[in-house]
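The block underneath contains the structure these notes are about, expressed in structure tokens.
Values in this text are rule-based calculations from the coordinates and carry no lab data. Please read all numbers here as calculations on a predicted model, not as lab measurements. All Cβ positions, glycine included, derive from the backbone under ideal geometry; neighbour counts span all protein chains shown.
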Amino acid sequence: MKAALPNSTAPTRRMRRSIAAALAVASLSLAACSSTGSDDDFATNDTPAEVLYNEGLALRNEGRLSDARVKFEEVDKLHPYSEYSRKALINLAYLNYSSGKFTEAITAAKRFTTLYPGSDDSAYALYIIGQSYHKQIPDVTRDQEMTQRAMAAYGELVQRYPDSEYAEDARTKIRISRDQMAGKEMEVGRYYLKRGHQIAAINRFKVVVTDYQTTRHIEEALFRLTESYYALGVINEAQTAAAVLGHNFPDSQWYRDAYSLLKTGGYSPEADSGSWISRAFGGISL
């Protein structure tokens, strides 16, 4: 879903009539400045917020995003807390996001949610925050702070505005982010396992089982637990991990691998109801 601006930011017919009158006044003022030889083209406090805002809209619609950003910044600076400042601020968040200026987009959107928490555009501002973090999510070999922040923003959006037009995509992005977080735990766990640090590996796979068991990584996590516990000689936990894996994913290649591993030692999958693995799944099933 593209982060397009909500329709509430478009000028009304009444606004357009007011703009025409204001532009006429502004043109006379500019002519007066020219007669004095002044080269100052910057807005002053005398420039109506409505004029600046709609100049920004026109520039935005022409694709001149940098110039539009300047106009909206002037509205925000010269006419703070006005109706046009509110509209300019959400436009700034959008333009910065569209231009790949994610830090600036987040800053503008957070200011918006702080200043105008009851606005109809607050859901959109939270969506921009989530999208800006989401665009910066790295691969699983790197720190996942951006993933966590994206999840937090999307989560707040879904909680506060569950029926908004952005909620469905936010829920999808939360699932993607959770999968990313689980992937990070698996990456680190495999790293430890390859180096013979089974306990450290188990701690990582445990996070996937307890916190991210609805992600696509759960099957491998259960197999890796079987593998790790078996290597440590903790057979009952290895059997339990394999049993839970087989019960929930009987056709999984990971289960076949876990079954084969146990058979090499003369064991078979068998759930221990007292195991943390069984408890994590509410017994033995997902």
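Express the C-alpha Rg of segment 167-216 as a ratio against the empirical globular expectation 2.2 N^0.38 Å, rounded to two decimals.
Scaled against compact globular proteins, the figure is 1.30.
Output the peptides 70-80, 208-218 sorted from most to least packed, where packing is the average of other Cβ atoms within 10 Å over each peptide's residues.
Working: 70-80: 20.5, 208-218: 18.6.
The densest-packed peptide leads the list: 70-80, 208-218.
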### Query
Where q = 0.10, 0.16, 0.18 Å⁻¹, what log10 of I(q)/I(0) comes from the Debye formula for segment 170-266, counting one point per Cα?
-0.25, -0.61, -0.76
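Considering only DSSP states other than H, G, I, E and B, which trypsin sites (Lys or Arg not before Pro) in segment 165-198 qualify as loop sites with at most 14 other Cβ atoms within 10 Å?
Taking segment 165-198 and a limit of 14 other Cβ atoms within 10 Å, the loop trypsin sites (Lys or Arg not before Pro) found are Arg195.
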### Message
Can you compute the modelled spin-label distance between Glu165 and Ser66, with each label point 7 Å from Cα toward Cβ, in nm?
### Response
3.1 nm
### Query
With respect to the cross-link table entries Lys173/Lys206; Lys101/Lys173; Lys173/Lys194; Lys77/Lys101; Lys77/Lys110; Lys77/Lys135, which display a Cα-Cα separation exceeding 25 Å?
Lys173/Lys194; Lys77/Lys135
